[in-house]
Amino acid sequence: MATTRISAQLPPNIDPTKAPLAYGDRAIPKLNRELQDEELITRQRALMTLCDHLHDPEHIVEALRLGVVESLKALLTDSDGTVRHKATEVLYIIAGHNIGRDAFLDYSIIPPLAKLFDDDLDIVRRNSHMAIEMVSEFAPGAEGVVQNNLIPILVEKLKSELDEIKEYILDTLHFCLRLDQEQALKAGAMEVFTQLLVHVSSIIRAKAARDIMDLSVPLDGKNRACSVNTLPALVALLDDTDADVRAKAAGAIMTITITTEGKKTAISSGALPKLVQLVNDHYSEVRLNTIKAITTLSESPDGREELMKSVEDIKLRMSDDSAAVRKAAEIAVKVITWLP
C-alpha cells in the first residue's frame, strides 16, 4: 500500500542561497537590515539578493537613499571572504550608474575599497579594481583616485597582479593620467609600462602603449621614455599582429618624438621604415597615428631626407576614406616637402 512521503526538499522557486525578497517598497529596507545582521549566513544571503536586485537603476536610487552604501562600506572589512566578495560586487554594480559614482565620493568608498587591493582572495581584488576603474572613468572619480594617492599603489600592483586584474589597473591609470602624470613618473610607471610592452597578452601590450602615450604628454614623460629605452620597444610593436597594439604604439611614438631627443632615438631605432609600411594599414586608427608620427619625425633633417622617398605613398592617403587620415596626410606632405 502506498504511503505519503514528506519531502525535505525546498520548493523549486526557493533559492536557499538568497534572502527572501520583501514585497515592493519593503524590499530594500529589509535587505539593509540584514546586511547589518550579526549572523553570517544572513549577511551573505542579503548580499546575494542585492546583486540581482540592484541591476535595476530605480532600485539603486532607493538603495542609496536608504543608506545601503554605508552598510556595504562596513562589510568591506568583514572577516568572511564571501561577504567581501559579494560586497565588492554590489559596489561595482552601483558604480555603473552616475548616482552610484557620486555616492562613492560622498561616502568615501574609495579608500576602504583600495585596501582590498591586498586581499587574499583573487575575486575580491578583481571586484575592487573593477569598481575603482568604473568610478575613474569620470573626472570626479579619477580625481578621487588621484587625491587618495593610489597611483603609486596601482603602478606597484602591475608588477605582481594577475593578468586579468592588470587590465583593469591599466585602464584606471589611463583615466588618472589625464589629471596627474607626476605621481606616476615618480612611482616608476614608465619603466613598468615599458616592461609590459613585451607581455604575451595583446590586450595588455596595447593598454601599456596607450598609457605610455598618456604619460608622455609632459616633457618629463618624454624625457623619461627616452632614458629608459621605451622607444625601441614601441618600434618593435609596429610589427605586431594586433591592430590595436600597432595603433597605440604609433600613437606613443608620435607623442614622444615631439622632442629632438625623441626624434633621434626613434630614427636610430628604425622607426621610419616600419611607419612607412603602416601608412596603408587596413585599420584607420593605425594609419592616423602612423601618419602623425611620420609628421613629427619629418621635422628633423634626417627624417625628412628619408621620408622624401616615400612621400608619394603618403599622398595617396590624401584621398583616404577617413577625414581625419586625409587631414593628417595633407599636413604630413606639407612638412615633408617644406623648403627653407
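At-a-glance table
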{"item": "Residue ranges of helices (runs of 4 or more DSSP H) in region 64-113 with at least 1 members within 18 Å of residue 148 (Cβ to Cβ), among the charged types (D, E, K, R) and open to solvent by 60 Å² or more (accessible area, probe 1.4 Å)", "result": "68-75, 98-106"}
{"item": "Selection within region 23-32 - loosely packed, with under 13 Cβ neighbours inside 10 Å and either modelled with pLDDT of 90 or more or at negative phi (or both)", "result": "23, 25, 26"}
{"item": "Filter result (open to solvent by 30 Å² or more (accessible area, probe 1.4 Å) and in a helix (DSSP H, G or I)) within region 114-124", "result": "115, 118, 122, 123"}
{"item": "Count - residues of region 36-51 that are part of a helix (DSSP H, G or I) and farther than 19 Å from residue 99 by Cβ", "result": "10"}
{"item": "Neighbours by Cβ (under 9 Å, 6+ apart or cross-chain): first from region 207-222, more than 13 Å from residue 191 (Cβ to Cβ) and without any contact (Cβ under 8 Å) to a residue 12 or more places away in the chain; second in a loop (DSSP other than H, G, I, E, B) and open to solvent by less than 40 Å² (accessible area, probe 1.4 Å)", "result": "none"}
{"item": "Any chance residue 90 is within 24 Å of the chain's Cα centre (by Cα), in contact (Cβ under 8 Å) with a residue 12 or more places away in the chain and closer than 20 Å to residue 141 by Cα", "result": "yes"}
{"item": "Residue match in region 74-90 (condition: under 22 Å from residue 120 (Cα atoms) and among the basic types (Lys, Arg))", "result": "yes"}
{"item": "Verdict on residue 171 being open to solvent by less than 10 Å² (accessible area, probe 1.4 Å), at pLDDT 95 or above, of a type in the set (Asp, Glu) and in a helix (DSSP H, G or I)", "result": "no"}
{"item": "Residues satisfying the stated conditions in region 176-191, i.e. surrounded by fewer than 20 Cβ atoms within 10 Å (Cβ to Cβ) and within 28 Å of residue 241 (Cβ to Cβ)", "result": "191"}
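The values are calculated or read from the model by the stated rules, or taken from the named source; none is laboratory data. Just so it is clear, the model here is predicted, and its values are computed rather than measured. Here the Cβ is made from the backbone with ideal geometry for all residues, glycine too, and neighbour counts use every protein chain on show. Just the protein is used for accessible areas: all its heavy atoms, side chains included, with ligands, DNA and RNA removed. Shrake-Rupley method; radii C 1.70, N 1.55, O 1.52, S 1.80 Å.
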